[in-house]
1. Out of curiosity, is VAL177 more than 18 Å from the chain's Cα centre (by Cα) and closer than 26 Å to VAL234 by Cβ?
2. Going residue by residue through segment 114-134, is there one that turns out to be under 23 Å from TYR255 (Cα atoms) and touching a Gly at 6+ places or on another chain (Cβ under 6 Å)?
3. Looking at TRP169, TRP211, TRP187, which is the one that is among the aromatic types (Phe, Trp, Tyr) and under 30 Å from GLN113 (Cα atoms)?
4. Go through (1) under 16 Å from ARG125 (Cβ atoms); (2) part of a loop (DSSP other than H, G, I, E, B); (3) polar (S, T, N, Q) for ASN217 and report which single condition fails.
5. Does segment 74-98 hold any residues that are surrounded by 18 or more Cβ atoms within 10 Å (Cβ to Cβ), part of a helix (DSSP H, G or I) and not acidic (Asp, Glu), and which are they?
6. Pick from segment 10-30 the residues that are in a loop (DSSP other than H, G, I, E, B) and at pLDDT 85 or above: which of them is surrounded by the fewest Cβ atoms within 10 Å (Cβ to Cβ)?
7. So ARG101 ticks every box in (1) outside the structural domain of ALA188 (by TED's automatic domain parsing); (2) assigned to a helix (DSSP H, G or I); (3) not acidic (Asp, Glu) but one. Which box is left unticked?
8. With respect to ASP71, is the statement that it is more than 23 Å from the chain's Cα centre (by Cα) and assigned to a helix (DSSP H, G or I) true?
Amino acid sequence: MSDPRHAALGSFLRSRREKLTPQAVGLPAGRRRRAAGLRREEVAELAGIGVDWYIRLEQGRAVKPSSSTIDALARALRLTRTEHAHLKALVRGPTRKPFVREQVPQGLRDLVQSLNQPAYISGRRWDVLAWNDPADEIFGFSRLADADRNTLLLMLCTPGVRKLFGAQWKELARRMVAQFRATYDLWAGDPAFAELLARLRDGSREFDELWAAHDVNALAAGEKLLDHPKKGRVKLRYATFQANDDPALKLAIYYT
């Protein structure tokens, strides 16, 4: 059975190739193209590798490109720093044990509770594992079933959330899916991640389009403008932090 991460690698390479134009990489446009983006032969030539070798990568075959080949592909495909790092991670990703939901140490739970600002802790699968009252007042975590406490499910599948984020919802959803994709590809094939993916596909009419883009982004601070039913119009900035106790845990803090 093929490794799902090889398929993720192939899909990622193909998505980057299809987003490039000949002009973007200094090639003549030539005759009208039947498909968007560069041809496989053009990527291989730009990277200085064999066409057959590149095709095997896109097809998800069990091949192991060298670091120099990965760097050459990153240059040929004009990858961003985040995309380049993702490509490296896909190639060198170790075999993982099945996903097990994280446990939040009591000290971190106490820290979250002590904060006056909305704050919560999530895990690798973006499950919400701990939160304080200010965060609950905004996002309603306590009103959700345990299996539904996941920031992606909340954003994409929970009734009322689209209205909460208003005109900003689509861009926030796109950004979140791209950030999650960077994690998901490394866990491709894991039952827990596959289950979450199926729920997102079933519960959101927009998800398939966002997922098919195969964009990857790094987590970053930002700003959200909420139209809260009780608080009215609220502008919140946010930042995320990795826990030393368990690097899989992320602390998100919202502030005005």
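The values are calculated or read from the model by the stated rules, or taken from the named source; none is laboratory data. Remember, it's a predicted structure, so these values are computed and weren't measured experimentally. Using ideal geometry, Cβ is built from the backbone for each residue, glycine included, and neighbour counts are taken over all protein chains shown.
1. no
2. yes
3. TRP169
4. That leaves (1) as the condition not met.
5. Listed by number, the residues that qualify are ALA74, ALA76, HIS86, LEU87, LEU90, VAL91.
6. Here the residue is THR21.
7. (2)
8. Criteria not met by ASP71.
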